[in-house]
Amino acid sequence: MSYLNELEAHLHALPRDERDETMAYYDEYFTDANLSNSAARKQFGTPKQFARRLIADFYMDADDESEIKPKQQLRMIWVVILGLLASPVILPVALIMVALLVSALAVVLSIAVTIVSIVVAIIIIAVVSIVTGVAVVFNSLSGGIFFMGVGIAALGVLLLIGPLMISFMRACFNGLINLIKAIGRRFIKKGANYEA
């Protein structure tokens, strides 16, 4: 199997039109440079490594051009991690970068879980307080009003801080995406000797 055939087989994560365009470019490049399979392996690494770098480049560049969906952003995170492991960077540096990305992802996910937990807790407090207030209002008017007031206040707090928490969560996720792209550009594109 030729280098280009193996490369195309590993580019399945790219959209079809991008894959066709990439393969046409490298087919022409290999023809013009008269690259043999062994020369291509020396210049670009294995087809799998090269494909990972090309996929990571595509997703990092696609994210810059337009707003992509969260599912595509998660795919970009994954392909950058794979690209780091496939790049010609010294393995310990790549492992440190992957560990940094995984820990940053864990921090962002823990922030998201904490925010969701706070929102759920406030909703539970509000509902329980209002239900308790309605149940108690017939026995103690002041107690019932107090509990209903606590429930309404909890809903008010949620309406006030809810948008702030969502904005903070988005900012954390966007910061993580920017960190991943910066690391990917620094180590994947810089370490690759190819023209794209």
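The table for this structure:
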{"read-out": "Globularity index of the range 73-187, i.e. its alpha-carbon radius of gyration over 2.2 N^0.38 Å", "value": "1.69"}
{"read-out": "Phi-based couplings in Hz for the range 22-35 (Karplus 6.51, -1.76, 1.60; Gly and Pro marked x)", "value": "5, 5, 5, 4, 6, 4, 5, 4, 5, 5, 5, 7, 6, 7"}
{"read-out": "Calculated SAXS-style log₁₀ I(q)/I(0) at q = 0.15, 0.22, 0.27 Å⁻¹ - the range 1-49, Debye, Cα scatterers", "value": "-0.36, -0.77, -1.09"}
{"read-out": "Kirkwood Rh (inverse of mean 1/r, distinct Cα pairs), the range 98-164, angstrom", "value": "13.6 Å"}
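Values quoted throughout were computed directly from the atomic coordinates according to the rules given, and no laboratory measurement underlies them. Note that the structure is a prediction, hence the values are computed from the model and not measured.
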